[in-house]
1. Only one of (1) farther than 20 Å from Val31 by Cβ; (2) at pLDDT below 90; (3) among the small types (Gly, Ala, Ser) is not met by Ala60, so which one is it?
2. So, Lys15, is that one closer than 18 Å to Cys69 by Cα, modelled with pLDDT under 85 and either among the acidic types (Asp, Glu) or touching a strand residue (DSSP E or B) at 6+ places or on another chain (Cβ under 7 Å) (or both) or not?
3. Write out, first by first residue and then by second, each pair whose Cβ atoms fall under 6 Å of each other, whose residues are 6+ apart or on separate chains, and whose first residue, in segment 31-42, is more than 14 Å from Glu84 (Cα to Cα) while the second is assigned to a strand (DSSP E or B).
4. Going by what's in this entry, would Ala82 be described as at pLDDT 90 or above, of a type in the set (A, V, I, L, M) and surrounded by 10 or more Cβ atoms within 10 Å (Cβ to Cβ)?
5. So, in segment 30-52, exactly how many residues are in contact with a Phe, Trp or Tyr (Cβ under 7 Å, 6 or more places away or on another chain) and among the charged types (D, E, K, R)?
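The values are calculated or read from the model by the stated rules, or taken from the named source; none is laboratory data. None of the values given here were measured: they were computed from a predicted structure. Ideal geometry is used to build each Cβ from the backbone, glycine not excepted, and the neighbour counts take in all protein chains shown.
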Amino acid sequence: MQRNFTQELTFRTSKSSGPGGQNVNKVSTKVELLFHVDSSKLLSVREKSILKRKLNNRIAVNGHLYLVCQETRSQLKNKQIAIERFYELIYKSLAEPKKRIPIGTPASVKRKRLEDKRINSEKKKLRAKVRYCA
């Protein structure tokens, strides 16, 4: 299920923060990737609702999914990293979780738990005060 979202992605660039000397002051290397979930033509209604639910902390009030990258000193590399992260985020969010198959508790685990409880009980009994009966 490989889809090409490049037509639906919008990019904004600005000056990065942090170390970098003169490069930081004069070159816009920070890249913001914007993707409007509701207006996507490649996603079904079900997929849009899944993305909104799972990525609600990354989706702004206006419905845009924001990703920011300012790791490298190259705008092109930052753009590539942002795109890779976007695809990874989308596919992980839309992946169906494996159905858990419940299994019974093994007898050895039950025995071990009961043995530990018995040992703990004995330990606590030995801590009790000794009473003399005359």
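1. (1)
2. Details: closer than 18 Å to Cys69 by Cα: yes; modelled with pLDDT under 85: yes; either among the acidic types (Asp, Glu) or touching a strand residue (DSSP E or B) at 6+ places or on another chain (Cβ under 7 Å) (or both): yes.
Yes: the conditions hold for Lys15.
3. His36/His64; Val37/Leu65
4. Values: at pLDDT 90 or above: yes; of a type in the set (A, V, I, L, M): yes; surrounded by 10 or more Cβ atoms within 10 Å (Cβ to Cβ): yes.
Considered against the rule, which asks whether it is at pLDDT 90 or above, of a type in the set (A, V, I, L, M) and surrounded by 10 or more Cβ atoms within 10 Å (Cβ to Cβ), Ala82 comes out as yes.
5. Quick first cut of segment 30-52, residues in contact with a Phe, Trp or Tyr (Cβ under 7 Å, 6 or more places away or on another chain) only: 31-35, 42.
Subset that is among the charged types (D, E, K, R): 32.
Total meeting the criteria: 1.
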